[in-house]
Amino acid sequence: MNKTVVITGAAGVLCSTIVEDFALRGANVAALDINYKAVSALSEKLKDSPGKVKAYEANVLDKKSLIDAQNAITAEFGGCDILINGAGGNKPTATTEDEFFSINEKVDKTFFDLPEEGIDFVFNLNFKGAFLTSQVFAEAMAKRGCGQILNISSMNAFTPLTKIPAYSAAKAAVSNFTQWLAVYFAKSGIRVNAIAPGFFSTQQNKWLLYTQSGELTPRSEKIIRNTPMGRFGEASEILGAVYFLTDDSLSGFITGVVLPIDGGFNAYSGV
Ligand code: NAD
């Protein structure tokens, strides 16, 4: 595969799987993460892959660090063909303790207690991070007249999940931005799509899915009950969709879609 793939949040559970897959297919992969140690370890692990994986430290909320990474990537690989906006996630400070408000029930963290800092953090990381990174990397694509952008939205963008208002709203913004950017670049040879993973068991959400002793939490039991396939996803199960949506020969007339990968969660009313 004679392509250069730039991926942010590359050291994460889902994104490192994507990095590995592209490297196995022989692509050059620029793996960007705010956690340089983790992303360097990933590139070291993949050093014998058919494709070259190079680690870059970059913060998706710091445009200068993205521009520095872009300059280094251009020098190394000659430009970006596929951009994957993978950096994202939720935070405990943007998460309520209760699912439904009750004036009679005493909990430490209701909607009214969520600090502005937590809401800003989650909204910025997911939405603004994809926005700024696209600004930095899509300009050269637009000049060349070709390129692919893949955003990572979430199941909670379609219908918000309880407890995580900022993350749900931020991912809804990512889906909306995917459509906006797809239309904006439709005549410029750049396709923009997104995947919407359902429930995968990863570093990001393990504190929500499992108790300290490794049992399913009551919330996870509810998730599994509402996932017709009856299980969490495996990280490798997003790869087919990623490859499909970023390959012109497979999906050349598809732009502006948000593809659920969720074991049927979004299709199920629960009855
Ligand atoms: P993860 O938590 O395992 O990894 C996130 C990575 O992003 C980490 O390596 C972290 O260092 C990096 N990062 C954090 N802030 C950054 C910043 N400012 N700049 C650059 N990098 C930064 O997450 P994941 O499970 O791999 O998720 C990848 C994407 O998929 C995220 O956008 C997430 O919201 C989305 N998603 C995940 C799930 C799931 O079940 N894991 C479900 C739906 C959507």
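The values are calculated or read from the model by the stated rules, or taken from the named source; none is laboratory data. In this text the structure is predicted, and so the values were computed from the model without any measurement. Heads up, the Cβs are rebuilt from the backbone with ideal geometry, glycines too, and the neighbour counts pull from every protein chain shown. For accessibility, only protein heavy atoms count, side chains too; no ligands or nucleic acids. Shrake-Rupley method; radii C 1.70, N 1.55, O 1.52, S 1.80 Å.
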Check your understanding: Hull surface divided by four, with the convex hull built on the Cα atoms of the range 1-139: how many nm²?
Key -> 9.5
Review point. If you plug each phi of the range 132-145 into the Karplus form 6.51 cos²θ - 1.76 cosθ + 1.60 with θ = phi - 60°, what whole-Hz ³J(HN,Hα) values come out, in order, with x for Gly and Pro?
Key: 5, 5, 5, 4, 6, 8, 7, 5, 5, 4, 5, 5, 7, x
Review point. Over its Cα atoms, what ratio of radius of gyration to 2.2 N^0.38 Å does the range 1-63 give?
Key: 0.99
**Study point:** Helical mean residue ellipticity (222 nm; -39500 (n - 2.57) per DSSP H run of 4+; nearest 500) of the chain
**Key:** -11500 deg cm²/dmol
Exercise for review: Might you tell me the accessible area per residue for the chain, computed with a 1.4 Å probe and given in Å²?
Suggested key: 50
Point to revise | Charge tally in the Cβ shell below 11 Å around N90, where Lys, Arg are +1 and Asp, Glu are -1, N90 excluded | key: +3
Review point. So what are the ³J(HN,Hα) numbers for the range 67-80, from phi and the Karplus equation (6.51, -1.76, 1.60; θ = phi - 60°), rounded to whole Hz, Gly and Pro as x?
Key: 5, 4, 5, 4, 4, 5, 5, 4, 5, 7, 10, x, x, 9
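Hull surface divided by four, with the convex hull built on the Cα atoms of the chain: how many nm²? Provide the component values of the computation, followed by the final result.
On the way: hull surface 60.9 nm².
If I average the Cα hull's projected area over directions, I get 15.2 nm².
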Review point. Gap in Å between the Cα centre of the range 16-43 and the Cα centre of the range 113-191?
Key: 21
Exercise for review: Do me a favour and compute the ellipsoid semi-axes for the range 76-138 from its Cα gyration tensor, root of five times each eigenvalue, largest one first, whole Å.
Suggested key: 37, 9, 8
Point to revise | Cβ crowding within 10 Å averaged over residues, with 228-237, 6-15 ranked highest first | key: 6-15, 228-237
Practice item. Give a residue-ordered list of calculated ³J(HN,Hα) values for the range 95-103 (Karplus: 6.51 cos²θ - 1.76 cosθ + 1.60, θ = phi - 60°; whole Hz; x for Gly, Pro). Key: 10, 7, 8, 9, 8, 10, 6, 9, 5
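Counting only other residues whose beta carbon sits under 15 Å from that of G147, what net charge do I get with K and R as +1, D and E as -1? Could the numbers behind the result be given before it?
Values: positive: K3, K143, R144, K187, R191; negative: D81, E139, D247, D248.
Neighbour charge sum, excluding G147 itself: +1.
Which percent of the accessible area of the chain is formed by carbon and sulfur heavy atoms (probe 1.4 angstrom)? The partial results should precede the final answer.
On the way: 7400 of 13420 Å².
Answer for the chain: carbon and sulfur cover 55 percent of the accessible area.
With respect to the cross-link table entries K45/K163; K64/K171; K3/K163; K63/K106; K37/K187; K37/K91, which display a Cα-Cα separation exceeding 31 Å?
On the way: K45/K163 37 Å; K64/K171 24 Å; K3/K163 40 Å; K63/K106 42 Å; K37/K187 39 Å; K37/K91 21 Å.
In this structure, K45/K163; K3/K163; K63/K106; K37/K187 lie more than 31 Å apart at Cα.
Going highest first, how would you order 74-87, 106-119 by mean Cβ packing within 10 Å?
Values: 74-87: 20.4, 106-119: 12.2.
Ranked by mean Cβ neighbours within 10 Å, highest first: 74-87, 106-119.
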Point to revise | Other-chain or far-sequence residues with amide H under 5 Å of T255's (modelled H) | key: none
